[in-house]
Amino acid sequence: MKETPMPETMTTESHVHHPDYVKIWAVLVALLLVSVGGAMSNIRVVVLVAAFGVAFVKAYIVAKNFMHINVEKRWVPYLLLVMIAFIVILFTGVAPDVMKHGGLRWSNDAAKQAVESGMKTAPKNE
Amino acid sequence: MSATAKPIANTRSATGIPTARLITWWVIASEIVIFGGLLAVYLMHRLGHPEWGLAAAHTNTLAGAFNTFVLLTSSLCAVLAHKAADAHDGPRAAKLLRLTSLGGLIFLTIKGFEWTRDIHEGFVISSGGFWSYYYTLAGLHGLHVLAGMVIMLIVAADAAKNRELQRVECIGLYWHFVDIVWIFLFPLLYIAR
Amino acid sequence: MSSQAEHAGSVHVEPGFFKKYCWSTDHKMIAMQYLFTGMAMAVIGGFLAYVFRMQLGFPNHNVPGFGIVTPGRYNAVVTMHGSIMIFWVAMPVLVAAFGNFLIPLMIGCDDMAFPRINRLSFQIFLLSSIVILGSFLVKGGAFGGAWTAYPPLSASGAYNLTPAGAVLWLLAVALEFVAFLLGGINFTVTVMNSRAPGMKMFDIPIVIWMIVLASLVFMASVGPLIAGAVMLLFDQTLSTGFYDPARGGDPLLWQHLFWFFGHPEVYVVLLPAMGIVAEILAVFSRKKLFGYKSMLYSTWAVGILSFVVWAHHQFVAGIDPRMANVFSVTTLLISIPVAEMVFLYIATLYGGSIRLDTPMLWALGFLAEFLIGGVTGIFLGASGTDIYLHDTYFLIAHFHYTFVPIAIISVFAAIYFWYPKMFGRMLNETLGKIHFWGTVIPFNVIFIPLFITGLAGDQRRVYSYAQFAEQSKPALQHLRTTSTIALLVMLSFQLFFIVNFFWSMRHGKLAGKNPWRSTTLEWTVPSPPPHGNFAELPTVYRGPYEYGLPGRDDDYWPQDAPH
């Protein structure tokens, strides 16, 4: 086990390579425009892909190029993915009760009512 | 910053990652479950209540999009600050961090106007399911923006004197995380309808 | 590679009273702050137990030192007993106090990686303690909606009759969560990065692993509850309807968010307790801990599984019955790694040279009592039997047979074991043994009758059965009264501990560096350790449990001895 003391005034020699950040920023802004433009479409799938697909891509670009997560020790992105996995477990365990409004011998009438009356007033555009 | 000497514990690095950056990753990990929890809960409601799309139609997409642009640009400033710190250019890093912080201020100001308009139209936190989640999600995010700004200014004050430059990268990491949360909040609250 | 002579700290000026006791960043002082705060809160939590057991054992009589226990006051007392014991006793003592004291010492460094964040964590925790105690004094009194705070009872002041108390409770819990998030992250970073040269991952003492894993489990599980708590706070104060079905919300959502944290939380407190017991068993059997790696693998398994069992607290709450099937299976599965850990302890004892000093008595007591707790959990984990047993006194007895070993027995084990290091003097053995038997025997007499009354159908959170004809089973009253009297006996014996603890600080036998002849690093420094801990920071050459090695003069081989 190597002892690697780090005197307080000295920063580490750069552990990352610095690309052209302005270019990356430009890509992000372009993607933002895509997502806003796509959101104005009338086709549901286009809206969803533009909005959420682009979001995932933008998040990945920020994580990789701004946070340098890919040159970090491998366990760091794994740790963050594990945290996300816990949220997926949470969703899986709770959604059957909260997202659905009925199941085996139970029914959430108040929620069903709210959905019905809400959708009745919906303008017919989707 | 106070003159207390750092303990040896702070300078060791059995993992190879400096302690400041290591603790930043753990903070981000814990924030993922906080925001993730709230987002997951919102998502399951939103999927079960298609009629919330009607309420969501009243959010100001232009403000949301512009705010996304503001945060992306401030993230650019943050990572350029990191680059400057790596080059041991403390004053430049400080300037860029202060610009980042300014971006946060612009973000919060726009949000202030946006919410004022929403409230005038009668949409308050208790106006129904969608709005409750909208204000809570964006509010929690806004609090993190504010906290980030404050810490950033403190780090900048030291960086300007070429001190504690390793913290520039760390506060930048936090800021990028806050940016990523907004990258997901934007479509969830403003676009999906 | 030998360490350079690293000298921790520079020229040292003796600090004044305020800086030394109230504003210190030294991990040992912060540990004492957590320990004494936790112990004070334990007195309050114990007093609350006295109050409601008096009501249950002698219904509707005036309780000396309290008064008449009205229904509202009963609800507040049981709520606060649970909340205080879990959040302001078990967690601060097991995780924060012992984590703070032991981590830098046992891994061979001079303090935590971030001492000022450490101090901030305690200050936030202290604030949370003040808030929760303050809630007793507000209009309506302390929160009375049970420590689980289910809405709509917890969301509506009209229902819980303690609107101010409810808000303060929520704020106190939220502050406490923030304190432990900060503290836990500090612990994790310190153990990951600041170990002595030569201390590889599998040379770390088990108790340190356990405290770190507990911190991680806490961190990963508390997030959704923080979100949920903010939502509940808004329901209480801003008329939102997150948990109100009439407004589009769902009370079941709170339950899920609460227990998604609540179940891992019990392992957050269990892990340090088991770690403490592991250390003591090795030292007092003069034998290597059996299966160090198996212990770790089992602990990782428990940690991960703990995230997929939570809805066993909600079997009768109206969750989809098909989910109940899933959670039954996972709950029964989690008993396997825990059992494995108990087997490893037994294997450690087997063939050992057992010394029954007081710390060892407590450690063995933990094993025996926790076993009962674990086994009775099986009945509750199976959804079929849980339909009958849920919210009866059977459940209360089960979780006290797990919580009391965790929060009381293992804490006493740790105090008796590390007191010499903390204060430089030995606790009195005779008083210690009297304290041990006077605690453990009455403990069983409190809760075994409650298994029986629970099986007979006694419901929890009912202030008096006299008002509920179908529930009152007068034939069982003698069991309830026996339980109360046993509690009074158990509380009285704590005096032996209090006297011993404070008297020995000044008059106990001087301890020296290593009275228990242990191998781990904290026993290589003076008792109590000086600021900076190590005059010369150690290098580690072997694992932490080298006992009973043939061919050596001594029966133990310290971690930092080169030969």
Note on the stretch A:14-41: residues in a helix (DSSP H, G or I) and among the hydroxyl-bearing types (Ser, Thr, Tyr) are A:TYR21, A:SER35
Does C:TRP300 satisfy the condition of being of a type in the set (Phe, Trp, Tyr), surrounded by 21 or more Cβ atoms within 10 Å (Cβ to Cβ) and in a helix (DSSP H, G or I)? no
Within the stretch A:42-99, tally of residues that are more than 8 Å from chain B (Cβ to nearest Cβ), assigned to a helix (DSSP H, G or I) and among the basic types (Lys, Arg): 2
What are the residues in the stretch C:507-538 that are surrounded by fewer than 19 Cβ atoms within 10 Å (Cβ to Cβ), on the phi < 0 side of the Ramachandran plot and part of a loop (DSSP other than H, G, I, E, B), if any? C:GLY508, C:LYS509, C:LYS513, C:ASN514, C:PRO515, C:PRO526, C:PRO528, C:PRO530, C:HIS531, C:ALA535, C:GLU536
Count, please, the residues in the stretch C:241-258 that happen to be free of Cβ contacts under 8 Å to residues at least 60 places away in the same chain, more than 8 Å from chain B (Cβ to nearest Cβ) and more than 14 Å from A:VAL94 (Cβ to Cβ). 2
Determine whether the stretch C:259-266 contains at least one residue that is without any contact (Cβ under 8 Å) to a residue 60 or more places away in the chain and over 26 Å from C:LEU181 (Cβ atoms). no
Within the stretch C:464-506, restricting attention to residues that are hydroxyl-bearing (Ser, Thr, Tyr) and under 31 Å from the mean Cα position of the chain (by Cα), which residue is modelled with the lowest pLDDT? C:SER464
Evaluate the stretch C:30-39: report whether one residue or more is in contact with a helix residue (DSSP H, G or I) (Cβ under 8 Å, 6 or more places away or on another chain), within 14 Å of another protein chain (Cβ to nearest Cβ), assigned to a helix (DSSP H, G or I) and in contact (Cβ under 8 Å) with a residue 12 or more places away in the chain. yes
Mind checking whether some residue in the stretch C:372-391 is over 24 Å from C:VAL95 (Cβ atoms) and of a type in the set (D, E, K, R)? yes
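Conditions tested, residue by residue: (1) at pLDDT 95 or above; (2) at positive phi; (3) in a helix (DSSP H, G or I); (4) of a type in the set (A, V, I, L, M).
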| position | (1), (2), (3), (4) |
| --- | --- |
| C:ILE304 | yes, no, yes, yes |
| C:ILE319 | no, no, no, yes |
| C:MET323 | no, no, yes, yes |
| C:ALA339 | yes, no, yes, yes |
| C:VAL342 | yes, no, yes, yes |
| C:LEU361 | yes, no, yes, yes |
| C:LEU364 | yes, no, yes, yes |
| C:GLU369 | yes, no, yes, no |
| C:GLY384 | no, no, yes, no |
Answer yes or no: is there a residue in the stretch B:75-85 that is touching a residue at least 24 places away in the same chain (Cβ under 8 Å), of a type in the set (Ser, Thr, Tyr), surrounded by 18 or more Cβ atoms within 10 Å (Cβ to Cβ) and more than 7 Å from every other protein chain (Cβ to nearest Cβ). no
In the set C:GLY144, C:GLY198, which member is among the small types (Gly, Ala, Ser), buried (at least 21 other Cβ atoms within 10 Å of the Cβ) and assigned to a loop (DSSP other than H, G, I, E, B)? C:GLY144
Leading residue by the ranking (farthest from C:PHE101 (Cα to Cα)) among those in the stretch C:12-66 that are surrounded by fewer than 17 Cβ atoms within 10 Å (Cβ to Cβ) and among the small types (Gly, Ala, Ser): C:GLY65
Of the residues that make up the stretch A:111-119, is at least one free of Cβ contacts under 8 Å to residues at least 12 places away in the same chain, within 9 Å of another protein chain (Cβ to nearest Cβ), surrounded by 15 or more Cβ atoms within 10 Å (Cβ to Cβ) and among the hydrophobic types (A, V, I, L, M, F, W, C)? yes
Could you tell me whether the stretch C:426-444 includes any residue that is aliphatic (A, V, I, L, M), crowded, with 16+ Cβ neighbours inside 10 Å and outside any helix (DSSP H, G or I)? yes
Just a yes or no: is a residue in the stretch C:517-530 hydrophobic (A, V, I, L, M, F, W, C), at pLDDT 95 or above and within 29 Å of C:PRO442 (Cβ to Cβ)? no
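Would you mind finding the one in A:VAL94, A:VAL88, A:VAL45, A:VAL54 that is within 30 Å of C:LEU305 (Cα to Cα) and modelled with pLDDT under 95?
A:VAL94
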Filtering the stretch A:90-103 down to residues that are free of Cβ contacts under 8 Å to residues at least 12 places away in the same chain and surrounded by 15 or more Cβ atoms within 10 Å (Cβ to Cβ) yields A:LEU90, A:PHE91, A:GLY93, A:VAL94, A:ALA95, A:PRO96, A:ASP97, A:VAL98, A:MET99, A:LYS100, A:GLY103
Considering residues of the stretch C:228-240 that are over 28 Å from the mean Cα position of the chain (by Cα) and in a helix (DSSP H, G or I) only, the residue farthest from the other protein chains (Cβ to nearest Cβ): C:GLN236
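Table: residues versus (1) among the small types (Gly, Ala, Ser); (2) crowded, with 18+ Cβ neighbours inside 10 Å; (3) in contact with a Cys (Cβ under 6 Å, 6 or more places away or on another chain).
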{"site": "C:SER306", "(1), (2), (3)": "yes, yes, no"}
{"site": "C:VAL309", "(1), (2), (3)": "no, yes, no"}
{"site": "C:HIS312", "(1), (2), (3)": "no, yes, no"}
{"site": "C:PRO337", "(1), (2), (3)": "no, yes, no"}
{"site": "C:GLY381", "(1), (2), (3)": "yes, yes, no"}
{"site": "C:ILE387", "(1), (2), (3)": "no, no, no"}
Checking the condition among the polar types (S, T, N, Q), within 14 Å of chain B (Cβ to nearest Cβ), crowded, with 21+ Cβ neighbours inside 10 Å and not in a loop (DSSP other than H, G, I, E, B), which residue from C:ASN100, C:ASN75 passes? C:ASN100
Scan (1) within 30 Å of B:ILE17 (Cβ to Cβ); (2) in contact with a Pro (Cβ under 8 Å, 6 or more places away or on another chain); (3) among the aliphatic types (A, V, I, L, M) for the single condition A:ALA51 breaks and write down its number. (1)
Restricting the search to the stretch C:187-208, which residues are under 19 Å from the mean Cα position of the chain (by Cα) and facing chain B (nearest Cβ under 9 Å)? C:THR188
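The values are calculated or read from the model by the stated rules, or taken from the named source; none is laboratory data. Predicted model, so just to flag it, every value in this text is computed and none were measured. Glycine also receives a Cβ, built like all others from the backbone with ideal geometry; neighbour counts cover every protein chain displayed.
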